[in-house]
Structure formats: structure tokens, C-alpha cells
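The values are calculated or read from the model by the stated rules, or taken from the named source; none is laboratory data. Computed from a predicted model, the values in this text were never measured in an experiment. Positions of Cβ are generated from backbone atoms using ideal geometry, with glycine treated the same way; all protein chains shown enter the neighbour counts. The protein model used for the area step is the full one, side chains on, heavy atoms only, and it has no ligands, DNA or RNA in it. Shrake-Rupley method; radii C 1.70, N 1.55, O 1.52, S 1.80 Å.
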Amino acid sequence: MSYETILVERRDRVAVITLNRPKQLNALNVQMARDLTDAARELDADESVGCMVVTGSAKAFAAGADIKEMTGLSYMDAHRLDWFHLWDLLGAVRKPIIAAVSGYALGGGCELAMICDFIIAADTAKFGQPEIKLGVMPGIGGSQRLTRAVGKAKAMDMVLTGRMMDAAEAERSGLVSRVVAPDRLMDEALEAAKTIAAMSLPSTRMNKEAVNVAFETGLAQGVRFERRLFQATFAMNDQKEGMAAFVEKRPAQFSHD
Ligand code: CO8
């Protein structure tokens, strides 16, 4: 796979996607949105991949949507182009995606990290939704996902003032799952991805789907949904293998079906 704005690398069952416009601090232009969603969807369809990691450079995961590309847009251009549907495609990927964030994750960059399933951050990471300073607002889910991740008080503070949140505050607030030293970032993300990729793939998809349903439904409905998926796992060979391996005190060998 070869793309203009990203690099894709395979490490056994893990795929690493690196945003690669370093001079523009990985500003997300339309080409990058296309490349990223094409790559993620291709990897999603490849049964030999169990987990993906999306990362940027040491200075910037992504400093937002490409402001220079957007400057001259009219309302009708924005309406017609409808770039945002590309990001919906990324959100519809069924395999886990980990965001490994170092440096700036601003605007669309913060939103991209939040579309991923969880964020591992270097202690240099800075998160923010500074769109208000440009006279606009978040456009790929930031006002919704940030609020669900950190609650109304922090989200309002971030979105209305445009201030940045450092990695420690982001971890305290529930935006990121782990904070590590910058030189540990990729090792930590790859270890997590490798662990996930070794699990049963259908079970992994169901676990991801169930957690995401918690964002969209009430508790009773979510619990019912989880119960149905749990029951469905008993139709899988991987359930038989996983439980047999525990009883026989040996590592499970999942066949991903
Ligand atoms: N868009 C385009 N170019 C950018 C962006 C960006 N978002 N961010 C940085 N760059 C470019 C700079 O213009 C500069 O280029 P050049 O060397 O040609 O002048 C280069 O990257 C380096 O940037 P700086 O010199 O500014 O680097 P500093 O270290 O001084 O500052 C900052 C780093 C603080 C990150 C600063 O660059 C900055 O504030 N960037 C803009 C952050 C921002 O406002 N992000 C939000 C953008 S709007 C948005 O994301 C809306 C999302 C919804 C729509 C999604 C549609 C796809």
C-alpha cells in the first residue's frame, strides 16, 4: 500500500499508520483524509490484521484540519464537498485503532485521536479544540466526543476558550488511557496493539462494538445489546478454544472464527 500523505507499515498482525506531512505539522487536508480512510478500510478488510495504530511525529500528532485549504471555502463548497463523511468511514472501522499521540493534537487532530478507540499519549502531548479562535467550531465530532470523554465542564472550557490541555490533565480527565515518556510511546502503543491482535478477532470486534454502544444508548438498552453479543460468542470456535485453553492450562490458539 502506497499513499501520498501517510505511511503504512505492517508488524505481524499490527498495522501502523503514520501521518506524514511533518512540515505542515500533519495538518489534515482532504488527501490525508482520503488516504487515511482508504488505508484503514483496507486493513479492516484484511483478516491478517488484528489491530491498527495511528501516529504522527514527535512535534505533532496533527495540528488540525488544513487551515490553508479551508480559507477560501464558501458555504456551498463546504456543503458540496462534505469531507466529513470520510471521517465517518474511519469511525465505522470494526477493528481497534489506537492513537499514539505525541505533541500537538489540535482541532481535527484531537478529533481524529478521539475517533480512534483509545489514546496513548507521550507526556509532551497537547490536546485542544482551538477552532473558536479561527471563528469556526469543531467539525468532525469534537464537540460531541470531547464532551462524552471529559464531561461538560472541561469540554465547554476547552471549546469556548480554545486552550490546550496537557497530557497529565488529559489523563486525569479521562481523555487518554495512558501517559508515557516520549521515547516509550511507540513501544507502549505497539505492545498494546500486539496484545489486542493476539485475541480472537470476532470477539475483539464485538467488544469494541459493545463499548461504542455505551456512547449511543441508555443503560438498559446497552446491557441488553451486550447480553445478545455475549450469547453470540458461544457460536464461535474461539469461545470453545479460549475456555478449553484455560481449563487445560495452556495458551489459547485462536483461529479468529
Ligand atoms: N493548517 C495548515 N497549516 C498548519 C496548521 C494547520 N492546522 N498548523 C500548522 N500549520 C503549518 C504552519 O502554517 C507552518 O507552515 P509554514 O512553515 O509554511 O508557515 C507550519 O505548519 C509550522 O507551524 P508553526 O510555524 O505555526 O509552528 P509553531 O511551533 O510556531 O506552532 C501550533 C505550532 C501552535 C500548533 C500552530 O501551528 C497552530 O496554532 N496551528 C493551528 C492549530 C489550529 O488552529 N488547529 C485547528 C484547525 S481548524 C480544524 O481543525 C477544524 C476541524 C473541522 C474540520 C475538518 C475538515 C477536514
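Quick look at the numbers
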| read-out | value |
| --- | --- |
| From the options 73, 112, 28, 36, residue that is over 13 Å from the mean Cα position of the chain (by Cα) and at pLDDT 95 or above | 28 |
| Selection within region 138-190 - open to solvent by 40 Å² or more (accessible area, probe 1.4 Å), within 16 Å of the ligand (Cβ to nearest atom) and either in a strand (DSSP E or B) or not assigned by the TED database to the domain that holds residue 126 (or both) | 164, 166 |
| Selection from region 108-122 of residues that are farther than 22 Å from residue 24 by Cα and among the acidic types (Asp, Glu) | 117 |
| Residue list for region 7-46, restricted to those being aliphatic (A, V, I, L, M), farther than 16 Å from residue 201 by Cβ and part of a strand (DSSP E or B) | 7, 8, 16, 17, 19, 28 |
| Residue in region 82-101 that is over 16 Å from the mean Cα position of the chain (by Cα), more than 30 Å from residue 11 (Cα to Cα) and without any contact (Cβ under 8 Å) to a residue 40 or more places away in the chain present | yes |
